[in-house]
1. When you look at residue 33, is it more than 26 Å from residue 147 (Cα to Cα) and touching a helix residue (DSSP H, G or I) at 6+ places or on another chain (Cβ under 9 Å), yes or no?
2. Go through (1) in contact with a helix residue (DSSP H, G or I) (Cβ under 8 Å, 6 or more places away or on another chain); (2) free of Cβ contacts under 8 Å to residues at least 24 places away in the same chain; (3) open to solvent by 60 Å² or more (accessible area, probe 1.4 Å) and name the single condition residue 272 misses.
3. Under 9 Å between Cβ atoms, at least 6 apart or on separate chains: pull out the pairs that start in the range 231-249 with a residue that is among the β-branched types (Val, Ile, Thr) and end on any residue that is buried (at least 19 other Cβ atoms within 10 Å of the Cβ) and outside any helix (DSSP H, G or I).
4. In the range 282-291, which residue that is open to solvent by less than 90 Å² (accessible area, probe 1.4 Å) and not aromatic (Phe, Trp, Tyr) is nearest to residue 260 (Cα to Cα)?
5. Out of the range 169-205, which residues are farther than 28 Å from residue 236 by Cβ and hydrophobic (A, V, I, L, M, F, W, C)?
6. List the pairs whose first member sits in the range 124-136 and is touching a residue at least 40 places away in the same chain (Cβ under 8 Å), whose second member is aromatic (Phe, Trp, Tyr), and whose Cβ atoms are under 8 Å apart, counting only residues at least 6 apart or on separate chains?
7. Scanning the range 139-157 for residues that are part of a loop (DSSP other than H, G, I, E, B) and among the small types (Gly, Ala, Ser), which turns out most open to solvent (accessible area, probe 1.4 Å)?
8. Would you pick out the residues in the range 310-331 that are open to solvent by 60 Å² or more (accessible area, probe 1.4 Å), within 21 Å of residue 286 (Cβ to Cβ) and free of Cβ contacts under 8 Å to residues at least 60 places away in the same chain?
Amino acid sequence: MKKYLLLITLALGGFCSFAQSLKDINTLVVLKQFDKAKTSIDSYLADAKNASEADAWYLKAFIYKALGYEKMNQPELGKGLMADAFTAIKKYAELDPKAELTKNEENATMFNTYFILKDMGITAYNSQNFQASFDCFKKTLEVHDYIFQKGLVGPQGLKFAVHDTDIVWNLALIAKELKLKDEALMYYKRIADAQVFDENAVSALDELILHNKREKNSEEFYKYLAMAKKNYPSDMPYWEAQEIDFATKDLEGEALYAKYDELTKSLPNNYVVFYGYGVELDKFIYSPEAKGKDINPYKIKMEELFKKAVAINPTAEANLQLANLFYNSYFDIQDEAGKAKDAKVKAALLASSKETLNKSTPYAEESIKVLAQLKEYKYSDKAAYKMALEILSNTYKINGNATKAAEYEKKKEDVD
């Protein structure tokens, strides 16, 4: 940065095209009497007949930049000077399309404006003056974009990339700190749309996915979800969880089941899809809405779903769901057998009920096996543990194995 400032000072000393009063102001600059120079240039440009002089605007940019540099560690005071320096250098370029003065100094005034504002933003942030930091970084980004759009080249061939990801990320974080939600989202979007997928972009994508999920903006949600899944596959379970939640939110009944059917095809290896679908069917079967309906197809579907869930991830919950499904079905078939008039039908149903009951055993035992590995138990874990043990105790009791039934009953009492 000091080298750029030196280049400007040397260039200024060579200008001879200034009007006499501008030469006097230039002398103040050479003597580094910047406060006096500021008063003089402001007075000069306040005169309407001088307002269109390109050289005067260049000189103002240099003076204000120099004063801003002196207040590098005082962002509240310096940020306004730097903003005015930027306005002045743009005005100079507008009035003098050839921009000889900035060419002579290799656009150092413009580039220094960027670096000084950036340092002010860092200083303000480190002192926890987040508003001043935000203002400085916002202006820094504005300078960056101008430099890039104009294709300006700085000292020693310095060029800016199209995306200033560090500054944009700083702005996103500080905007969030200041609770400037719309501004934060704008910067997150800029990071994501730049498609520079570094460690910062994953957080930006997450913010955008969650925002569009809340706003129910399907197009934007799936746009950023696709980016996230493609570029951060290690977080796939999380991305798919967001996708499932978005797809099923506010749906009920057959509409919900139809959506789950779609998800089983698009996410064929996702445990949450199959387990969640099964749970929804389980809730329906025992709800008032199921009365009068043939629930056997739902039970068959539940069995398929929970078995698929167990195949993907043999959790205690999925195994217990299967154990409970077969256990409850045993009693349903028993009730049906009790109503049967035909002896052969009754016998067949009773045999089927016993077979169904025994299907619950391996799943209940697997559930216990998984739960037994836990080091700490939540209330829900204890409840699941006791349910699995009760299923096993009753199953063995029904099968006439009093010893095994008593063993599991004792374990159930020991859970607490």
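1. Details: more than 26 Å from residue 147 (Cα to Cα): yes; touching a helix residue (DSSP H, G or I) at 6+ places or on another chain (Cβ under 9 Å): yes.
So residue 33 fits the description; yes.
2. (2)
3. Final answer for the pair search is 244/270.
4. Step one: of the range 282-291, the residues open to solvent by less than 90 Å² (accessible area, probe 1.4 Å) are 282, 284-285, 287, 290.
The next check asks that each one be not aromatic (Phe, Trp, Tyr); those that pass are 282, 285, 287, 290.
On the way: 282: 14, 285: 17, 287: 19, 290: 19 Å.
Looking at the filtered set, the residue picked out is 282.
5. Those that are farther than 28 Å from residue 236 by Cβ and hydrophobic (A, V, I, L, M, F, W, C): 171, 174, 175, 178, 180.
6. The qualifying pairs are 124/130; 133/125.
7. Quick first cut of the range 139-157, residues part of a loop (DSSP other than H, G, I, E, B) only: 151-154.
Next, from what is left, pick out any that are among the small types (Gly, Ala, Ser): 151, 154.
Working: 151: 53, 154: 3 Å².
Out of the qualifying residues, it is 151.
8. Going through the range 310-331, the residues open to solvent by 60 Å² or more (accessible area, probe 1.4 Å) turn out to be 311, 313-314, 317, 331.
Narrowing further to those that are within 21 Å of residue 286 (Cβ to Cβ): 317, 331.
Residue satisfying the conditions is 331 alone.
The values are calculated or read from the model by the stated rules, or taken from the named source; none is laboratory data. These figures come from a predicted structure and were not determined experimentally. Ideal geometry is used to build each Cβ from the backbone, glycine not excepted, and the neighbour counts take in all protein chains shown. The area values use the complete protein model at the heavy-atom level, side chains included, leaving out ligands, DNA and RNA. Shrake-Rupley method; radii C 1.70, N 1.55, O 1.52, S 1.80 Å.
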